[in-house]
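Novice: Quick one: the structure is below, and I'll ask about it shortly.
The values are calculated or read from the model by the stated rules, or taken from the named source; none is laboratory data. Since this is a predicted model, take the numbers as computed values, not measurements. Here Cβ is always computed from backbone atoms with ideal geometry, including for glycine, and neighbour counts include all displayed protein chains. Heavy atoms of the whole protein, side chains included, go into the accessibility calculation; ligands, DNA and RNA do not. Shrake-Rupley method; radii C 1.70, N 1.55, O 1.52, S 1.80 Å.
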Amino acid sequence: MNSNLSFCCLLILLCTVMSEAATRKPKRQPTPDNAASPKPDAESSEAPVGQPKTLDRGWGSDIAWIQTYEEALAKARELKKPLMVIHHLEDCPFSQELKKAFVADALGQKLAREDFVMLNVVHPIADENQSPDGHYVPRVIFVDPSMTVRTDLAGRYSNRLYAYEAGDIPELVTNMKKAKILLHTEL
């Protein structure tokens with residue numbers, strides 16, 4: 001059953017990518033840094049019904065979420081904090097369960113709020129370093145302020161290294177602590 005649900009999540013991700021690619025190509029051509037803020041407003045007004053229009057997307061309203069990957073990388077460098085990127089889909093049951101478990105975990109929320117630059121995305125990021133072992137969801141990738149993707153901070157699944165399920169929150173929190181601690185020794 002897990003295989004079927006994983007396949008469904010991958011299929012949904014593929015459909016989402018193809019759909020967004022078809023609708024976003026004209027919008028991506030003018031991308032100067034100073035035009036980045038008007039573009040998200042136009043996209044948020046086109047959000048499908050049922051998709052939250054806030055940046056937290058239900059992952060924690062007390063957390064300061066960043067809007068784009070590029071902005072998150074710049075913020076991580078500026079603040080000298082690790083970046084935590086949560087890749088998920090709104091209609092994926094595994095993503096929904098992980099979201100509920102993450103929101104319910106006080107320590108995970110505290111770490112996210114105080115020690116990380118946070119980004120959650122429902123669309124693929126152009127940086128292939130964000131999918132070192134595939135485009136499955138949910139997956140969590142850590143990036144240090146030197147823009148190095150932390151491939152050493154993986155979950156417990158050998159076939160989906162950066163996947164976490166609802167019951168894996170303690171492991172996710174442990175990796176968050178490792179990302180934070182190792183940050184100080186690497187800079």
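Novice: Taking interchain pairs and intrachain pairs at least six residues apart, which have beta carbon atoms under 9 angstrom, with the first residue in the stretch 117-135 and over 23 Å from K80 (Cα atoms) and touching a residue at least 12 places away in the same chain (Cβ under 8 Å) and the second surrounded by fewer than 16 Cβ atoms within 10 Å (Cβ to Cβ) and charged (D, E, K, R)?
Specialist: Pairs found: H123/E20; H123/R24; P124/E20.
Novice: Report whether or not K110 is basic (K, R) and either open to solvent by less than 40 Å² (accessible area, probe 1.4 Å) or in contact (Cβ under 8 Å) with a residue 24 or more places away in the chain (or both).
Specialist: Answer is no for this residue.
Novice: Right, here's the next one. Can we say G134 is open to solvent by less than 40 Å² (accessible area, probe 1.4 Å), over 17 Å from A72 (Cα atoms) and at pLDDT below 95?
Specialist: Taking the combined requirement at face value, the residue satisfies it.
Novice: Out of the residues in the stretch 160-187 that are outside any helix (DSSP H, G or I) and modelled with pLDDT of 95 or more, which is farthest from D144 (Cα to Cα)?
Specialist: E165
Novice: So, one more: Regarding A126, is this residue among the aliphatic types (A, V, I, L, M), in a loop (DSSP other than H, G, I, E, B), over 13 Å from M176 (Cβ atoms) and out of contact with any helix residue (DSSP H, G or I) (no Cβ under 7 Å at 6 or more places or on another chain)? Break it down into steps so the answer makes sense when it comes.
Specialist: On the way: among the aliphatic types (A, V, I, L, M): yes; in a loop (DSSP other than H, G, I, E, B): yes; over 13 Å from M176 (Cβ atoms): yes; out of contact with any helix residue (DSSP H, G or I) (no Cβ under 7 Å at 6 or more places or on another chain): yes.
Here the answer is yes, as A126 does meet what is asked.
Novice: Please find, within the stretch 133-159, the residue that is farthest from F94 (Cα to Cα) out of those that are assigned to a loop (DSSP other than H, G, I, E, B) and in contact with a strand residue (DSSP E or B) (Cβ under 7 Å, 6 or more places away or on another chain).
Specialist: Top of the filtered list is R150.
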